[in-house]
Amino acid sequence: MKQEFLLPDLGEGLTEAEIVQWLVAEGDTVTLNQTLAEVETAKAIVELPSPHAGVITALHAGAGDVVAVGAPLVGFEIEGADEPAPTSPSAVEEGSGPNLVGYGAAPSSGRPQRRARRAIAGAGTVVATDAEVRVAAPHDAIDVLPAPPARGERPRSTPPVRAYAKGLGVDLVLVAAELGDRVITRHDVDTYRERLGRRVDGTIAEAGAAPAATTERAPARPAAEQRATTRIPIRGVRKHTAEAMVQSAFTAPHVTTFHTVDVTATSELIASLRASAAPDAPRIGVLTVVAKAVCLALGRHPGLNSRWDGEAGEIVQQHFVDLGIAAATERGLIVPIIRDAESMALGELAGAIAELTRTARSGKTPPADLLGGTFSLTNIGVFGIDAGTPILPPGQTGILALGAVRRLPWEHRGEIALRDVMTLSLSFDHRIVDGAEGAQFLKAVADVLQEPGRAMLLG
């Protein structure tokens, strides 16, 4: 029996995934739950297990291709299985979409279902298209191209191409009417727009026709598109990060406050702990100490560990700390979570941070470990930066940026001495936290870094 495996929903409403690499080939015999491929979603690299045992007859995408959820991914030949009863198109359309657990998608024909368009029979023109594209498109006043035939589905293209066409005011329905049933590319959009743009006095210029004589002008500077550029597709982790940052920046009113603190005592504590640590013990650094100080300070200032529930009209105070640690990876910035960080000792925190960082940089962080943080840290000091204005992860009220530790002349006990100095940058949601509470929290963290013994007062 032939069976098609559709790309499942990999969690959190993700609509597509990129094939990183195939671990099998056409003609291979695979077992149930054998890993077929690694795919990159907007959050992490995920391994896809096989939902069947059998022979692979087709791989419907190659490495680097972006596949929509619900699209055919792998074809199987399964021996000894009965042919499934035929499924009506309406049943397929009304069935629930695929999900990662159980791969419960009903099989469909070659492409995922697309939204049908309403058309008047015999009219020969499209009556309803995407409203947002129609508003932006300038073609309505141009009567030089034949009306496109009525179509029953969305023109085939990728989300970046649709966004690109929308920005240029190009209706992909009209482009598809010329190209036929194939995937529309960015080049197709540019070609169509260039053809429509060749107008003289409101009419389309014939190919090869010279424009009317005008006043002589200096040679035009080459357009930006004609000079050297590199185009990088916006997808995967980068796309998710951009969407999250835009959402946060335009939802929560950010306030950032700064504080520069003498952390010499913390540096001495770290050196002492490392000197006495076992060879296989987790390495304690300034990030670990700051994480512990933050957990202690959040106990005294719960507003920074809260979230805004607009639908319920409530501020939800969370009596646990799921601490996000920003990690820079080759695929972009992600913020994995350390659950119940407030209950961890300093050594446990160091081990959790080390493991979290290794997993993030390998691209193996599970999507579930990127959700639900209550407060976040970002260490910009590792790049030699002193301060910044970090943007809140969506759903969180506070994020603290650690600047570089620098040896600077500093006032100490009435004299000038060389001291280890660091700048802390705290961004918070001003809907939940007033400036006074934000300043008090930042001062509590700084006090622990300046005098680590103060942690005993906050514990």
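General observations
- Relative exposure of ASP171, ASP434, judged by other C-beta atoms within 10 Å (fewest first): ASP434, ASP171
- Counting neighbouring beta carbons within 10 Å and listing from fewest to most, the residues ILE19, ILE416, ILE234 come out as ILE416, ILE234, ILE19.
- From least to most packed, judged by other beta carbons within 10 angstrom and beginning with the fewest, SER157, SER343 follow the order SER343, SER157.
- Note on LYS239: lysines with a C-alpha under 24 Å away, same-chain residues under 8 apart excluded, are LYS43, LYS166, LYS364.
- Rg over Rh for the range 288-424 works out to 1.01, using Cα positions for both radii and the Kirkwood form for Rh.
- Length released on extending from MET1 to HIS430, taking residue separation times 0.36 nm less the Cα-Cα span: 148.4 nm
- Loop sites in the range 311-343: GluC sites (Glu not before Pro), DSSP, at most 12 other Cβ within 10 Å: GLU311, GLU330
- A simple spin-label model places pseudo-atoms 7 Å from Cα toward Cβ; at ARG182 and ALA25 they are separated by 2.9 nm.
Taken together, the values in this text are just the output of simple stated rules run on the coordinates, not laboratory data. Note that the coordinates shown come from a computational prediction; the quantities given were computed from them, not determined experimentally. We place every Cβ from the backbone using ideal geometry, glycine too, and count neighbours over all the protein chains shown.
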